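Here the structure comes first, spelled out in structure tokens, and everything after it is commentary.
The values are calculated or read from the model by the stated rules, or taken from the named source; none is laboratory data. Quick caveat, the model's predicted, so the values are computed rather than measured. FYI the Cβ positions are ideal-geometry reconstructions off the backbone, even for glycines, and counts take in every protein chain you see.
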Amino acid sequence: MASSNTFASYGSVTKTFHWLTAFLIFTALPLGWFANNLAKAIYDPSIPSTEADIAQAAGMFSLHKTVGIAVFFVALARILWAATQTKPGLLNAENKPEAFAAETVHWLLYGSLVLVPLSGWVHHAAAEGFAPILWPFGQNLPLIPKSATLAEVTAGLHWLFILILAGSLLMHIAGALKHHIIDRDGTLRRMLPGRSDVAEPPAQHHSATPAFAALAVWTAVLTGGWYAGAFTHHSTAGTETTELTEVQSDWNVQEGTLSFTITQLGSPVTGTFADWTAAITFDDPPEPGLAGSVDVNIAIGSLSLGTVTDQAMGSDFFDSAQFPTANFDADIYKTDVGYEARGPLTIRGETIDITLPFDLAVQDGIATVSGVLEVNRLDFGIGKSMPAEDSLAFGVTISVELTASKSGG
């Protein structure tokens, strides 16, 4: 059997690409379906989840993503190969409506084989979450920032492209079976492994109309998805963010970031609180000693933690319904080597005395602060259903960066 195509038959390389693609697609789609079902143990805070539940769901997602990346590269290689080959003619070219439908479906399939895995890959790179891709490409993509908005949009695109892919596959399979069972021609046989003797296709002319028809289908599905809200995340947490009371402070925070980083399945995931207040008093003493105080209140519901935000709100983690705020009430000390904030940190009703070392620079009444601290999540009763570090590490790195101005300055 020749490796290249002819007008009457497909070569061995094209057949290999076809069946390899089919194998990968029919592996990735069930993996994604099962992973989404298992994700109820991860995304729905009302359903208790064990470490085994999360590990199983994460494993399924990892396999789904990994196979999806394989689909992407195989599809690219298949398209490049097809561009160099003779396109075998349709055996039913005289049936204009059927030939038009067949070519439109082929355009939908080729486009979907690239767009489905690519949108999923971009979503993975943009989101803070779990379930790493198992290929050695890393978890990020060049020019793709960590962005909740981009992650939401690409998640919606991924789902809509999957619908187009699934519909195209069904029509493609139905067409092949119709040719084989009803028409009894060689359309299906010439794609099967081995040599197949089929009739010479009739003379035919291919136009760009099916490609435009496929583009119209994509446009219609994406427009319908937009109207249906496919690009908007619907949280299952059902938790409203507690509105914090404005505080009086000798130093007013102009801008700042309060975040923490966990390690889930070996990969770092960073969460950020959008709503927090800080009442600060500070007067830099000439010698080491007490320099002021800070009282920080944090709205737990303002947390953004990528794909596991809803899970983090659940009763086994922050339990934001029962404990809507966290607090750090500390004294500020100047030491021989820098500055420290020492005091109780209260999260979900558990209080632990901590010491936060930080760097401080003050110039013209503007203070710049940067500090990092590591705590153990179990000390605050977070993730008690995960008493080991297989899925979620014990250590949590808390980071604070802020710029504050002296009141009246």
*Hey, any hits in the range 43-61 for a residue that's part of a helix (DSSP H, G or I) and modelled with pLDDT of 90 or more?*
yes
*Considering only the range 189-213, state which residues are under 15 Å from Phe7 (Cα atoms), in contact with a helix residue (DSSP H, G or I) (Cβ under 9 Å, 6 or more places away or on another chain) and part of a loop (DSSP other than H, G, I, E, B).*
Ser196, Asp197, Val198, Gln204, His206
_Condition check: surrounded by fewer than 11 Cβ atoms within 10 Å (Cβ to Cβ), part of a helix (DSSP H, G or I) and not basic (Lys, Arg). Does Thr219 satisfy that?_
yes
*From the set of residues in the range 105-156 that are hydroxyl-bearing (Ser, Thr, Tyr) and assigned to a helix (DSSP H, G or I), which is surrounded by the fewest Cβ atoms within 10 Å (Cβ to Cβ)?*
Thr149
*Thr154 versus (1) among the hydroxyl-bearing types (Ser, Thr, Tyr); (2) more than 9 Å from the chain's Cα centre (by Cα); (3) closer than 16 Å to His64 by Cβ: which is the lone unmet condition?*
(2)
*Which listed residue is in the same structural domain as Val269 (by TED's automatic domain parsing) and without any contact (Cβ under 8 Å) to a residue 24 or more places away in the chain, from Thr355, Thr368, Thr397*: Thr355
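Taking the residues in the range 255-270 that are part of a strand (DSSP E or B) and touching a helix residue (DSSP H, G or I) at 6+ places or on another chain (Cβ under 9 Å) as candidates, determine which candidate is farthest from Val400 (Cα to Cα). Let's see the steps before the verdict.
Going residue by residue through the range 255-270, those that are part of a strand (DSSP E or B) are 255-264, 267-270.
Filter again for touching a helix residue (DSSP H, G or I) at 6+ places or on another chain (Cβ under 9 Å), leaving 262, 264, 269-270.
Working: Ile262: 15, Gln264: 21, Val269: 16, Thr270: 13 Å.
Among them, the one singled out is Gln264.
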*asked:* I'd like the full set of residues that are of a type in the set (A, V, I, L, M), touching a residue at least 60 places away in the same chain (Cβ under 8 Å) and touching a helix residue (DSSP H, G or I) at 6+ places or on another chain (Cβ under 7 Å), limited to the range 116-162.
replied: Ala127, Ala131, Ile133, Leu134, Ala151, Ala155, Leu157, Leu160, Ile162
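Identify all residues within the range 351-384 that are small (Gly, Ala, Ser) and either part of a helix (DSSP H, G or I) or crowded, with 17+ Cβ neighbours inside 10 Å (or both); write none if there are none.
Those that are small (Gly, Ala, Ser) and either part of a helix (DSSP H, G or I) or crowded, with 17+ Cβ neighbours inside 10 Å (or both): Ala367, Gly371, Gly383.
Just to be sure before I move on: is Gly383 touching a helix residue (DSSP H, G or I) at 6+ places or on another chain (Cβ under 6 Å) and under 30 Å from Ile54 (Cβ atoms) in the structure I sent? Lay out the reasoning, then the answer.
Numbers: touching a helix residue (DSSP H, G or I) at 6+ places or on another chain (Cβ under 6 Å): yes; under 30 Å from Ile54 (Cβ atoms): yes.
Spelling it out, Gly383 is indeed touching a helix residue (DSSP H, G or I) at 6+ places or on another chain (Cβ under 6 Å) and under 30 Å from Ile54 (Cβ atoms).
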*Given the residues Asp359, Asp316, Asp379, which is the only one that is farther than 19 Å from Thr277 by Cα and at pLDDT below 95?*
Asp316
